[in-house]
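The structure appears right after this line, and notes come after that.
The values are calculated or read from the model by the stated rules, or taken from the named source; none is laboratory data. Since the model is a prediction, treat every value here as computed from it, not as a measurement. Note: ideal-geometry Cβ built from the backbone for every residue, glycine included; neighbour counts use all protein chains shown. Keep in mind that these areas ignore ligands, DNA and RNA; they rest on the heavy atoms of the full protein, side chains included. Shrake-Rupley method; radii C 1.70, N 1.55, O 1.52, S 1.80 Å.
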Protein chains: 2
Amino acid sequence: MNKERLQSLIDGASGKAICDLILKNGKIIDVFSGEILHESIAIKDGMIVGLGNQYKANAEIDLRGAYVAPGLIDSHIHIESTLATPKEFSKAATKHGITTVIMDPHEIGNVLGTEGLSYMLASTKNLPLDFQMMLPSCVPATQHETSGAVLSSEDLAPFYRHERVSGLAEIMDLPSVRETNDDMMKKLLDAQNHNKTIDGHGSGLSFMDNNIYRTAGIRTDHECTTLEEARDRLQKGFYIHIREGSVAKNFDAIIPLVNKNNHRRFTFCTDDIYIDDLYNHGSIDEMVRRAIRNNIDPIDAIRMATLNPAECYGLQRKGAVAPGYEADLVILNHLEEFEIRTVCKSGNLVWEENVLYYDFKDTELPTLANTIKLPKINIDQFKIATSTGSLNLIEVIPNSLLTNHLAMNYERHKEFKAEASDNLAKIFVIERHGNNGALGKGIVKGFHMMRGAVATTIAHDSHNLVAMGMNDADLHLAIKRIEEIGGGIVIADGGEIKAELKLDIAGLMSSETLEKISENMNKLNEASRSIFHEIDFNPFLTLSFLTLPVIPELKITDQGLYHMTEGRFISIDEILPVK
Amino acid sequence: MNKERLQSLIDGASGKAICDLILKNGKIIDVFSGEILHESIAIKDGMIVGLGNQYKANAEIDLRGAYVAPGLIDSHIHIESTLATPKEFSKAATKHGITTVIMDPHEIGNVLGTEGLSYMLASTKNLPLDFQMMLPSCVPATQHETSGAVLSSEDLAPFYRHERVSGLAEIMDLPSVRETNDDMMKKLLDAQNHNKTIDGHGSGLSFMDNNIYRTAGIRTDHECTTLEEARDRLQKGFYIHIREGSVAKNFDAIIPLVNKNNHRRFTFCTDDIYIDDLYNHGSIDEMVRRAIRNNIDPIDAIRMATLNPAECYGLQRKGAVAPGYEADLVILNHLEEFEIRTVCKSGNLVWEENVLYYDFKDTELPTLANTIKLPKINIDQFKIATSTGSLNLIEVIPNSLLTNHLAMNYERHKEFKAEASDNLAKIFVIERHGNNGALGKGIVKGFHMMRGAVATTIAHDSHNLVAMGMNDADLHLAIKRIEEIGGGIVIADGGEIKAELKLDIAGLMSSETLEKISENMNKLNEASRSIFHEIDFNPFLTLSFLTLPVIPELKITDQGLYHMTEGRFISIDEILPVK
């Protein structure tokens, strides 16, 4: 806010200046009183400057009794996981009434460091959706893989000067907090001393760990999967972000906890959601509808999506339909059904009756260099053999981030060949940030892969290249193609590229339109059905999480096979007790 | 918060270090869930570091089923109005469970400017009560009197660096906001750009004025006197601080508005309360009790005194009994009666069973120079006469800040003499900041003064010296005595000082103990009964507000008689239409 804007707003409020727009005959959903108000809304310069009938404006709209709710807020999202640019994301999100998101650019931060954060700030400007940024707290996520960047407290500190930075993003590194690691302390203190919010990541946290997190100043959690977890965290003072994304779905588990006495401590978030899923099925809006169907007072459900997250993140001018609040409005035909008719951002019409009215102009973005810096790959590097007569296997567990560690006997020094009948495939992770060209090898069981190869540069959390295949030629082809398109997801089979999605922004996001992304994802899904045999899980996602070494039991990074319980890397033919 | 403290706290939370204290067998009032928890509370370094039974500590207290509530917060108070130092105030306030106050040093700011603010920060350190400071926004309050200081935006800005500064204090200057005065805009922007809270002062604000205030970013109001005012301000997004002080009492008028759906937007405050009133009758604790008696859910009533003000002022570690929150605790025998047994601040015992346990050490305070810089007063200056045959009168309205303007005929050039039978007294305001030595003269009707004189250096808002009397000798004596004692309240009669309260700190606060202040106030009250004839209002307070020129109709400052409707000063014998 600057002086000219404040003066212009006050001139609107005092009637000295003509307003831009008056919305009359609406029913305002008042998140403060919990009542419905029958007042006209005067808007100027994108802000509500008055309620009442005494204003004049250049335009007037008769809402004919429609309800007016504040724009919705997604309290935790990784935009990169949508696969789309912030601009395309804005189109999809505003369709569903979402006008503000609290984003954590953790993925691009792992690839590009501060350049990635700056890119996300630049590419989220001047869109009809406000992107508040949390600063990624754990880059790299672990020491067991080669990330593209390191974000120290010193790297993050200058970002607090940016007006759209709302705090420190999800702390997932419990050991660093518990052991009071110096740089982690510095990150926590910088956020607190700026009076900003610190997000947690409570996956697997015990009741005692929750005490540690809260004492450290961590204020939110979006990883509750059970009622028991959520109840403990609520009582300890965490805001609970109820998560319902494309993969993790916790709404049904947590919503029974919410009632009149505690709802102010709950918000809604997606965490990770695909652009087509968001566009077609909604997210926060759908959670509001489901909350109402779960017998939550409609105005309380709306508060959970508006005032509550605004308060949690200190956004003093968001989350209500009242003077001094941004004119981010969702106009509804009915309250109980929360059926969205119109969406306005800063007083501008964005969507009405599912028609997009906002003119998304092309904005100039910082150019990002190619981030796919692979070493020279020789097909011979894909050879796997054992000198011990044993081979370690990663066994996937469908629809889980967990894996099992298995071992099998194999003839010494004979080249391993993946066989569909054994339900085995080769897997490789190749360092792609141009740091050391490391290559980790493994064998994976349980994908029901029949032929071909799949490769992707979405590989949590360091986003190296992960490729899985039944033959070396298709593996090599898929990897080469990824390099050519600057990152993405590729399926190769029989020496041909069968489908692909270009993720040319940091190997994570596509510069294409949401329609094109959706189309290519559909082609990838179709192609996957010809190389995988009737699987009931998403092969791309499962592959992208096989590289996350902090989750049990056996995972693979560019540094090799990481065994969680052993707490170390193991070689592919090392013999160790299998539980 | 610094690194060593954060590390030590986390070591407590993780069990690596022994805690200081465990409170077991208590019933925790959980302001988040609205439920009662049966958990042990582990405290280290003044902070709650864990809930649960897994902690070890150097001391353990068995609460035998008592309830544990968070320490109470007074959301708006002028410490100067208590007449006591922050140290004496702390004794009285903690007795009633108040462990945090949001203070506005408006009075001392008017006398001493930034020196006054620095004094209040220094004198509120290391006490068992947290004083968060709001920066006085309107010093001087008007141009119609001579204040001791001016506080511009430039003067205030550096104070935002202080960790106990929570925002900008009550904006009472509506015209400057409405007319978007440059320096007022700067003050508003500085607070907002630091993400701090801005308090309002909505006395007499219309519905449209409320739009202006909210648009300007003003977030709270403590001046609601009617349900209608409060409802409008609630709906427009103001936090409503329900006020019940020694003079203004709005609890009964506002409490019927509070319910399950809106209570999160309400807090309790005193604004102005005398130290003996606070000590003997309580304040926020009594409001909690009264709210419960008004059928507000006891936990909601407690939230209004704890979590709500903490959220309103961005105090992330206050307002709850949970890990990461300060160990400011009120221990209750019963919940419904809110009967306080024990008060702890930062884990230290302050009061138990009405016995003070905290050792208030003498702290070194900045020395304040004498602020009573009166001109040389000659008794002849008290002469009043008329050249027109008419004299203007201020008529007091009992128990109101408002006055009437009257006029009476009087013989030309004859010296006016105050007569008890006419219910008239002389009144003088003398500039006491050493700026210009101005003296304003007037006649006041309605005090039922019989003899003697009374003088005080509490004279809102510039706190010049105001003296009222029936004869010039006693007036002169009282004023001289004020000068001798460095400010205060004095009653003189028949050439003798009958009673006095020394207010040697800026002419506003006494360096005496609360018991001594109370004793002297009692003596003043007694002496007042011998010079005023059976009045049913507080003569000292009424006198202190006769100098506030922004309130109708006729007031007096060091510059003379100010007529509100005329919008200008009038001379004592000017003839103008009396309505």
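Name the residue that is farthest from the other protein chains (Cβ to nearest Cβ), counting only residues in the stretch A:251-265 that are closer than 18 Å to A:THR225 by Cβ, in contact with an Asp or Glu (Cβ under 9 Å, 6 or more places away or on another chain) and crowded, with 19+ Cβ neighbours inside 10 Å.
Here the answer is A:ILE254.
If the Cβ limit is 8 Å and pairs must be 6+ apart or interchain, which residue in the stretch A:351-366 that is in a loop (DSSP other than H, G, I, E, B) pairs with which residue that is surrounded by 14 or more Cβ atoms within 10 Å (Cβ to Cβ) and of a type in the set (Phe, Trp, Tyr)?
From residues that are in a loop (DSSP other than H, G, I, E, B), the pairs are A:TYR357/A:TRP351; A:TYR358/A:TRP351; A:LEU365/A:TYR119; A:PRO366/A:TYR119.
Out of the stretch A:391-403, which residues are modelled with pLDDT of 95 or more and either open to solvent by 20 Å² or more (accessible area, probe 1.4 Å) or under 22 Å from the mean Cα position of the chain (by Cα) (or both)?
A:GLU395
Can you tell me which residue in the stretch A:122-169 is nearest to A:LEU329 (Cα to Cα), limited to those that are in a loop (DSSP other than H, G, I, E, B) and among the polar types (S, T, N, Q)?
Of everything passing the filter in the stretch A:122-169, A:ASN126 is nearest to A:LEU329 (Cα to Cα).
Would you call B:ALA407 modelled with pLDDT of 95 or more, part of a strand (DSSP E or B) and more than 28 Å from B:LYS249 (Cα to Cα)?
Yes.
How about the stretch A:266-281: which of its residues are crowded, with 22+ Cβ neighbours inside 10 Å and closer than 19 Å to A:GLU336 by Cα?
Matches in the stretch A:266-281: A:THR267, A:PHE268.
Can you find, within the stretch A:1-51, the residue that is farthest from A:THR99 (Cα to Cα) among those that are touching a residue at least 40 places away in the same chain (Cβ under 8 Å), open to solvent by 40 Å² or more (accessible area, probe 1.4 Å) and more than 11 Å from chain B (Cβ to nearest Cβ)?
Here the answer is A:ILE18.
Conditions (1) under 18 Å from A:LEU174 (Cβ atoms); (2) part of a strand (DSSP E or B), marked per residue:
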{"position": "A:ASN210", "(1), (2)": "yes, no"}
{"position": "A:ILE218", "(1), (2)": "yes, no"}
{"position": "A:GLU223", "(1), (2)": "yes, no"}
{"position": "A:ARG233", "(1), (2)": "yes, no"}
{"position": "A:ILE242", "(1), (2)": "no, yes"}
{"position": "A:ASN259", "(1), (2)": "no, no"}
{"position": "A:THR267", "(1), (2)": "no, yes"}
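Give the residue that is nearest to the other protein chains (Cβ to nearest Cβ), with candidates limited to residues of the stretch B:207-230 that are open to solvent by 50 Å² or more (accessible area, probe 1.4 Å) and under 24 Å from the mean Cα position of the chain (by Cα).
That would be B:LEU227.
Give B:ALA253, B:ALA301 a once-over and let me know the one that is in contact with a Ser or Thr (Cβ under 7 Å, 6 or more places away or on another chain), part of a helix (DSSP H, G or I) and without any contact (Cβ under 8 Å) to a residue 40 or more places away in the chain.
Answer to the check: B:ALA253.
When you check A:ALA149 against the structure, is it within 17 Å of the chain's Cα centre (by Cα), open to solvent by 10 Å² or more (accessible area, probe 1.4 Å), among the hydrophobic types (A, V, I, L, M, F, W, C) and over 29 Å from A:SER518 (Cα atoms), yes or no?
So A:ALA149 fails the test.
Answer yes or no: is there a residue in the stretch B:538-554 that is out of contact with any Cys (no Cβ under 9 Å at 6 or more places or on another chain), of a type in the set (D, E, K, R) and surrounded by 17 or more Cβ atoms within 10 Å (Cβ to Cβ).
There is at least one residue in the stretch B:538-554 that is out of contact with any Cys (no Cβ under 9 Å at 6 or more places or on another chain), of a type in the set (D, E, K, R) and surrounded by 17 or more Cβ atoms within 10 Å (Cβ to Cβ).
Does any residue of the stretch A:53-61 turn out to be away from chain B (no Cβ under 11 Å), farther than 19 Å from B:ASP209 by Cα and of a type in the set (Lys, Arg)?
Scanning the stretch A:53-61 turns up no residue that is away from chain B (no Cβ under 11 Å), farther than 19 Å from B:ASP209 by Cα and of a type in the set (Lys, Arg).
Out of all the residues in the stretch A:191-202, is one or more more than 10 Å from chain B (Cβ to nearest Cβ), assigned to a helix (DSSP H, G or I), surrounded by 24 or more Cβ atoms within 10 Å (Cβ to Cβ) and free of Cβ contacts under 8 Å to residues at least 60 places away in the same chain?
Yes, that holds for at least one residue.
Being open to solvent by less than 20 Å² (accessible area, probe 1.4 Å), facing chain B (nearest Cβ under 10 Å) and in contact with a helix residue (DSSP H, G or I) (Cβ under 8 Å, 6 or more places away or on another chain) is the filter here, so list the residues in the stretch A:158-179 that pass it.
Matches in the stretch A:158-179: A:VAL177 only.
How many residues does the stretch B:305-329 contain that are assigned to a helix (DSSP H, G or I) and within 7 Å of chain A (Cβ to nearest Cβ)?
Residues that pass the stated criteria total 1.
Can you give me the number of residues within the stretch B:116-145 that are open to solvent by 20 Å² or more (accessible area, probe 1.4 Å) and either among the polar types (S, T, N, Q) or within 20 Å of B:ALA191 (Cα to Cα) (or both)?
5
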